[in-house]
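The values are calculated or read from the model by the stated rules, or taken from the named source; none is laboratory data. All values reported here derive from a predicted model rather than from experimental measurement. Heads up, the Cβs are rebuilt from the backbone with ideal geometry, glycines too, and the neighbour counts pull from every protein chain shown. In case anyone asks, the SASA skips ligands and DNA or RNA and just uses the protein heavy atoms, side chains included. Shrake-Rupley method; radii C 1.70, N 1.55, O 1.52, S 1.80 Å.
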Amino acid sequence: MMKHLKLNFWILALFTALFISCNDDDDDDDDDASAEPDTIEFAAAPSSSLVTTGTVDVITENTVRYHIINFTDAPYTVTVVETENNIVIVDLGPAPDFAVELQAYVDVINKPGAVIITHNHGDHYGGAGNFTDLDFFAESTVADQLNNTDDFTALYPNAVTGVSGSQTIGDLDFSFDKVSNAETGENGYIYNEEHKVLFSGDLIYNLAHIYLREYTPNEGEDEVDNWIAGLNVLKTNFSDYNHVFVGHNGSRSDIASAIDENIEYLENAQAIIKGTQTITGGETATTHQQVIDELQVLYPTYKEGGLLLSLPDAFFPGDPGADWF
């Protein structure tokens with residue numbers, strides 16, 4: 001009898017050990033499954049041939065895809081953020097002819113959409129007339145400006161929704177903030193913490209000459225100082241992010257380096273305009289053209305950007321140019 005009891009005990013012990021081991025394996029499988037990131041099987045991206053006036057780059061990640069569209073040599077950058085069910089278009093380029101191609105590209109994606117405008121400059125909302133069926137969003141002060149700008153409301157008759165803080169747009173949460181009195185009166189920027197992406201508008205340029213038209217060093221508050229201070233805030237808050245999508249010339253993943261490049265450019269431009277830094281040949285700049293020529297010497301590989309818009313006659317005959325001297 002005792003032998004049978006011992007045998008039964010060992011059989012029970014062995015069965016228990018096997019049961020526990022199987023349960024542990026199942027738990028491990030569950031852990032492994034939960035550790036796997038969600039992924040979306042995106043359809044093929046639209047053909048880049050739809051954009052005849054520029055270039056298209058596509059970055060595909062697990063649950064989000066970014067379509068970076070650069071129109072012309074300036075270049076003007078539009079970023080389309082695609083998720084499983086929606087798209088969000090950040091900025092719209094300068095003119096309806098670009099918007100026709102952008103609209104054709106977006107139509108191929110064929111998902112419900114919305115638009116974010118970073119700031120109140122025509123080269124960022126010029127294509128608005130092609131997207132009047134979509135809701136528009138902007139940082140609250142930028143939205144107020146857009147809603148009271150005749151050039152914009154002529155293109156987009158609906159009200160832009162102003163956002164202070166965060167807003168769910170499509171499938172993503174976007175946080176809105178701004179830097180005041182820098183490249184323009186209110187420069188909005190937007191970020192998504194989940195995917196660690198920053199949309200900087202024109203606060204950060206990517207290897208492109210910077211728009212300095214609104215720099216007025218003789219009128220008290222120094223916009224370049226404000227701009228650099230804002231860039232340092234961005235560097236502190238977003239250097240560990242995965243991507244920055246800029247208003248001109250695409251995107252960068254080395255965000256701190258991109259910001260440092262912009263700070264260096266701005267410091268050089270400020271010193272040349274103020275006369276504390278001489279130009280090639282040892283002179284002090286006294287004309288717009290001399291400033292522009294020197295910046296082109298210092299940054300010969302940079303794309304055009306908005307620098308030339310500082311020149312006299314840039315916007316209309318008799319335009320005095322930037323108020324630098």
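The set of residues in segment 69-116 that are in a loop (DSSP other than H, G, I, E, B) and free of Cβ contacts under 8 Å to residues at least 60 places away in the same chain comprises T72, L92, G93, P94, A95, N110, K111, P112. The residue that is surrounded by the fewest Cβ atoms within 10 Å (Cβ to Cβ), counting only those in segment 280-302 that are among the hydroxyl-bearing types (S, T, Y) and more than 13 Å from W324 (Cβ to Cβ), is T301. For segment 89-128, the set of residues classified as more than 15 Å from the chain's Cα centre (by Cα) and of a type in the set (D, E) consists of D97, E101, D107, listed by residue number.
Could you say which residue among V108, V115 is in contact with a Ser or Thr (Cβ under 8 Å, 6 or more places away or on another chain) and within 28 Å of N62 (Cβ to Cβ)? Selected residue: V108, the only one of V108, V115 that is in contact with a Ser or Thr (Cβ under 8 Å, 6 or more places away or on another chain) and within 28 Å of N62 (Cβ to Cβ).
Can you tell me which residues in segment 304-325 are in contact (Cβ under 8 Å) with a residue 12 or more places away in the chain, open to solvent by 50 Å² or more (accessible area, probe 1.4 Å) and over 12 Å from Y211 (Cα atoms)? P312, D323, F325, listed by residue number. Within segment 78-113, the set of residues being hydroxyl-bearing (S, T, Y) and in contact with a helix residue (DSSP H, G or I) (Cβ under 9 Å, 6 or more places away or on another chain) comprises just one member, Y105. Among the residues of segment 215-231, is there at least one that is open to solvent by 10 Å² or more (accessible area, probe 1.4 Å), within 17 Å of the chain's Cα centre (by Cα), at pLDDT 95 or above and of a type outside the set (G, A, S)? Checked segment 215-231: no residue is open to solvent by 10 Å² or more (accessible area, probe 1.4 Å), within 17 Å of the chain's Cα centre (by Cα), at pLDDT 95 or above and of a type outside the set (G, A, S). Can you tell me how many residues within segment 243-262 are over 19 Å from V90 (Cβ atoms) and surrounded by fewer than 18 Cβ atoms within 10 Å (Cβ to Cβ)? The number of residues fulfilling the criteria is 4. Apart from one condition, D240 fits all of (1) surrounded by 14 or more Cβ atoms within 10 Å (Cβ to Cβ); (2) in contact (Cβ under 8 Å) with a residue 40 or more places away in the chain; the exception is (1).
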